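The values are calculated or read from the model by the stated rules, or taken from the named source; none is laboratory data. Just so we're clear, the structure is a prediction, and the values are computed from it rather than from any experiment. Ideal geometry is used to build each Cβ from the backbone, glycine not excepted, and the neighbour counts take in all protein chains shown.
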Amino acid sequence: MARKDDVKRSLDVFWGNTLVGSYELHMDGSEFYTYDKNYLDSKDAAPISYSLPLRPTSFNRRQLRPFFAGLLPEEIQRQRIASFLGIAEKDDFAMLEAIGGECAGALMILPRGSKPEPAIKSLVLCSEEKLSEIIKSLPYRPMMAGEKGLRLSLAGAQSKLPVVYNEGKFYLPENGTPSTHILKPELSEWFNGIVYNEHCCMKLANALGIPVAETQIIEVEDVPCLVVKRYDRSIDGSGNVRRVHQEDFCQALGKVPEQKYQSDGGPLARDIIRLLRNGWSTNPAKDILSFVDLVIFNAIIGNADAHAKNYSMLYDGAARRLAPGYDLVSTVCWPALATAPAMKIGGSDSINSILSGHWRKFAEEINISETALRSRIESLCSSILTETYENLSLPEKCIDVLSTIQHRAAKFTKIVS
């Protein structure tokens, strides 16, 4: 049980300008999250996570960690941030204390007594030279960790940076200013072409009517960069940016980031559909179909890395809906990568060997019509096969990716017919 007289350090959790709770580190090393009493008493109170329902009693570290650790960078990004800041890699509290000001969703994690959402926004214009310097520094200084005025955090293992992007110019969002876009530069020789690969997959999904985040490609001193418009930000007619809350399905289902893959105990497709179907989505019928579309699309394009942190819920007012698709990549374009699906389809052990029987089992697992599922797969494959890179307004560097996907779509058509 949390004791107020035993608190070593405390973080305030804000949803917009509203204090919703506190995340506390106690003298004995225990951690607790507790909803603010005034927030609980308000008529508009909503949980920050499905896994952290509204209640007056505290959540312990085991209960709170899936959500709060899920706000932080992962793997090598997390290691390097910890090294740069001089904190323990596994210390979620210290890391959120250092970089939790601008996260995915609407929450700001601030040291006790700090003010959220400044009335005057603070933006630093980046010249192309300055932006190039920042991009080159990201591999060893992710999220510009330690930069004065910046407290930026995004989940994932890929180098990326929250920015404000407006009329072709980039700005760094200082002192709590919300970002509008995510900049994802191509920095690894191991994943040569990933910017064009992801852009191709995102544009193709959009052409098929699958809601996805908007993307475009720019070059910064010959470094290709994907610019992703944040779907968890809303901009009004006056240009004011509002944070919109979200959480991925590891957070929602109480799984820590280390369990994002099914093989590590992560969520299955049926777990996600069960959450959507059992009242958490405010439009479950539509969201289930949208989620199944994303699962099918990831299978067709050959994305073996479509784990539970790559699907999210978006919370805006009273609406709780499946978020648009993001991080859609054809991983089969790099033959050295593992082909085991992050989230299996009907028990298939390889993204390259999903057969008719696997789709039949998948339909049974998620309790939908096998006939309807096969029809949808055929429909999406048919649409993919008629697309061209010209129609999709893709750069020529996307041609090979599109060709690979269309070859797979032709095989999938035969499998389900």
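Please go through the stretch 289-323 and pick out each residue that is at pLDDT 95 or above, among the acidic types (Asp, Glu) and farther than 23 Å from GLY265 by Cβ.
ASP293
Could we say that PRO139 is on the phi < 0 side of the Ramachandran plot, touching a Lys or Arg at 6+ places or on another chain (Cβ under 9 Å) and at pLDDT below 90 here?
yes
Determine whether GLY29 is within 22 Å of ARG230 (Cα to Cα) and at pLDDT below 95.
The answer is no for GLY29.
Which one of these is in contact with a His (Cβ under 7 Å, 6 or more places away or on another chain) and among the hydroxyl-bearing types (Ser, Thr, Tyr): TYR165, TYR196?
The unique qualifying residue is TYR165.
For every residue, the table says whether it meets (1) without any contact (Cβ under 8 Å) to a residue 40 or more places away in the chain; (2) within 27 Å of the chain's Cα centre (by Cα); (3) not assigned by TED's automatic domain parsing to the domain that holds ARG65.
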position: SER10; (1), (2), (3): no, yes, no
position: PHE14; (1), (2), (3): no, yes, no
position: THR18; (1), (2), (3): yes, yes, no
position: GLU24; (1), (2), (3): yes, yes, no
position: GLU31; (1), (2), (3): no, yes, no
position: THR34; (1), (2), (3): yes, yes, no
position: TYR39; (1), (2), (3): yes, yes, no
position: LYS43; (1), (2), (3): yes, no, no
position: PRO47; (1), (2), (3): yes, yes, no
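Any residue in the stretch 205-221 that's over 24 Å from SER132 (Cβ atoms): show its pairings with residues that are acidic (Asp, Glu) and buried (at least 18 other Cβ atoms within 10 Å of the Cβ) at Cβ separation under 7 Å, as long as the two are six or more apart or on different chains.
ALA207/GLU387; ILE210/ASP293
Please find, among GLY266, GLY254, the residue that is modelled with pLDDT of 95 or more, assigned by TED's automatic domain parsing to the domain that holds CYS333, buried (at least 21 other Cβ atoms within 10 Å of the Cβ) and of a type outside the set (A, V, I, L, M, F, W, C).
Values: GLY254 fails: buried (at least 21 other Cβ atoms within 10 Å of the Cβ).
Testing whether each residue is modelled with pLDDT of 95 or more, assigned by TED's automatic domain parsing to the domain that holds CYS333, buried (at least 21 other Cβ atoms within 10 Å of the Cβ) and of a type outside the set (A, V, I, L, M, F, W, C) leaves just GLY266.
Within the stretch 116-126, how many residues are within 30 Å of ILE48 (Cβ to Cβ) and either part of a strand (DSSP E or B) or in contact (Cβ under 8 Å) with a residue 24 or more places away in the chain (or both)? It would help to see each step written out before you state the result.
Taking the stretch 116-126 and keeping what is within 30 Å of ILE48 (Cβ to Cβ), we get 116-124.
Checking which are either part of a strand (DSSP E or B) or in contact (Cβ under 8 Å) with a residue 24 or more places away in the chain (or both) leaves us with 116-118, 121-124.
Matching residues across the stretch 116-126 total 7.
Answer with yes or no whether ILE272 is crowded, with 23+ Cβ neighbours inside 10 Å, more than 30 Å from LYS130 (Cα to Cα) and among the β-branched types (Val, Ile, Thr). Show your work before the answer.
Details: crowded, with 23+ Cβ neighbours inside 10 Å: yes; more than 30 Å from LYS130 (Cα to Cα): yes; among the β-branched types (Val, Ile, Thr): yes.
Yes, satisfied.
Please specify each residue of the stretch 365-377 satisfying the condition of being surrounded by 13 or more Cβ atoms within 10 Å (Cβ to Cβ) and not β-branched (Val, Ile, Thr).
GLU365, GLU370, LEU373, ARG374, ARG376
Output the residues belonging to the stretch 262-287 that are within 25 Å of ALA340 (Cβ to Cβ), part of a helix (DSSP H, G or I) and in contact (Cβ under 8 Å) with a residue 60 or more places away in the chain.
Passing the criteria: GLN262, SER263, ALA269, ARG270, ILE273, LEU275.
Any chance the stretch 146-167 includes a residue that's over 25 Å from GLN259 (Cα atoms), in contact with a Lys or Arg (Cβ under 7 Å, 6 or more places away or on another chain) and in contact (Cβ under 8 Å) with a residue 12 or more places away in the chain?
no
Can you tell me which condition ILE76 does not meet? The list is (1) more than 19 Å from the chain's Cα centre (by Cα); (2) surrounded by fewer than 20 Cβ atoms within 10 Å (Cβ to Cβ); (3) farther than 19 Å from ASP12 by Cα, and all the others hold.
(1)
Check whether at least one residue in the stretch 278-295 is in contact with a Phe, Trp or Tyr (Cβ under 7 Å, 6 or more places away or on another chain), of a type outside the set (Val, Ile, Thr) and over 22 Å from ALA207 (Cβ atoms), and report yes or no.
Looking for residues that are in contact with a Phe, Trp or Tyr (Cβ under 7 Å, 6 or more places away or on another chain), of a type outside the set (Val, Ile, Thr) and over 22 Å from ALA207 (Cβ atoms), one finds at least one in the stretch 278-295, hence yes.
With respect to the numbered conditions (1) in the same structural domain as HIS358 (by TED's automatic domain parsing); (2) surrounded by fewer than 20 Cβ atoms within 10 Å (Cβ to Cβ), which one is the sole condition not fulfilled by SER234?
(1)
Before we move on, is SER281 touching a helix residue (DSSP H, G or I) at 6+ places or on another chain (Cβ under 9 Å) and of a type outside the set (Lys, Arg)?
Criteria met by SER281.
Return the only residue of TRP359, TRP334 being of a type in the set (Phe, Trp, Tyr) and farther than 22 Å from ASP271 by Cα.
Result: TRP334 is the single residue among TRP359, TRP334 that is of a type in the set (Phe, Trp, Tyr) and farther than 22 Å from ASP271 by Cα.
Can you name every residue in the stretch 222-253 that is in contact (Cβ under 8 Å) with a residue 40 or more places away in the chain and among the charged types (D, E, K, R)?
Passing the criteria: LYS229, ARG230, ASP232, ARG233, ARG242, ARG243, GLU247, ASP248.
Let me spell it out: the conditions are (1) under 20 Å from VAL332 (Cα atoms); (2) surrounded by 17 or more Cβ atoms within 10 Å (Cβ to Cβ), and LEU385 meets all of them except one. Which number is the exception?
(2)
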